[in-house]
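Worksheet: the structure to be examined is printed underneath.
Derivation of every value follows stated rules applied to the coordinates shown; laboratory data play no part. Since the structure is predicted, the reported quantities are computational estimates derived from the model, not experimental observations. Cβ atoms come from the backbone with ideal geometry, glycine included; neighbour counts cover every protein chain shown.
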Amino acid sequence: MDFFDTVRKRRSIRHYSDEPVAQDDILTMLEAAILAPSATNEQPWRFIVIRDKGLREGMRHVINTVVETVIASAGNELRQKRLADMKLYSTHFATAPAAIAVLARPWVGGGYAPPASSAPRDLALLSVAMAVAHLQLAATALGYNSCFASGPAEFAREELEAILGVEQPWFLVGMISLGRAAKPPRERPARKPVAEVSRFIG
């Protein structure tokens, strides 16, 4: 598949068929991920591939329990509805044939950042985001669908890290659901034109 066709075809999919994801294809996606650039080439990423359905269901239950607790303490109906919507956005990995937990560790760098600086975490997240993009484009090129979700880490990072055996300095960034779409995606949401989001100097 042409690279630009792959970019255009990639969509965030949250409903999957039961068709499994081939092991060799997952390894190819991971190979694409680790070829991503990273700050000072530290490659601050780790990936945990989860094909165990029972484990994914248990993780979904943990997230839903936390979300329900947050909903109960929400101050208004609009926020409650938004939080309820986050259940699907945060747990679709549980119904996919495979899921990938994405981990990062703080960027070490040259030690020039002030002690209170967010740079170590920010640069790690930027690096890992590029790896995730590579992985998702590789999935598309291989005929699969995917979706990255930060919700699991936002709602239940510590609980999920305990389930997955994640140890510091590593931390959970999010989950990628992976498989083949159960139905064709809806029309792509409109994108702002290039002219609106860019400018040229010189």
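Things to note:
- Contour excess over end-to-end distance, with Cα ends at I201 and A133 and 0.36 nm allotted per residue: 21.7 nm
- Three-way shape label, segment 38-99, alpha-carbon gyration tensor, a/c 1.5: oblate
- Under 18 Å from the T28 label point (7 Å along Cα→beta-carbon), backbone N, segment 144-163: 144-147
- Within the same chain, lysines fewer than 8 places from K9 are excluded, and of the rest, those with a Cα less than 30 Å from its Cα are K53, K87, K183, K192.
- Extension gain for W170-A182 works out to 1.0 nm (0.36 nm per residue, less the C-alpha to C-alpha distance).
- Mean separation of Cα pairs under 8 Å and 6 or more residues apart, divided by the residue count, gives the chain a relative contact order of 35 percent.
- Neighbourhood net charge (9 Å Cβ-Cβ; Lys/Arg +1, Asp/Glu -1) for S90: +1
- The Cβ shell under 12 Å around P44 holds other residues with a net charge of +1, Lys and Arg each +1, Asp and Glu each -1.
- Multiplying the residue separation of S150 and A190 by 0.36 nm and subtracting their alpha-carbon distance yields 12.2 nm.
- Segment 156-202: trypsin sites (Lys or Arg not before Pro) in DSSP coil with no more than 10 other Cβ atoms inside 10 Å: R186, R191, R199
- Segment 157-202-segment 1-69 distance, computed between alpha-carbon centres (Å): 9 Å
- Free of any chymotrypsin sites (Phe, Trp or Tyr not before Pro) that DSSP assigns to a loop and that have at most 11 other C-beta atoms within 10 Å, the longest stretch within the chain is 1-111.
- Within segment 125-164, backbone nitrogen closer than 12 Å to the virtual label 7 Å beyond the Cα of T65 toward Cβ: 159-160, 163
- Distance (nanometres) between label positions extended 7 Å along Cα→Cβ at L55 and E159: 1.8 nm
- Taking every alpha-carbon pair under 8 Å whose residues sit at least 6 apart, segment 53-126 reaches a relative contact order of 28 percent.
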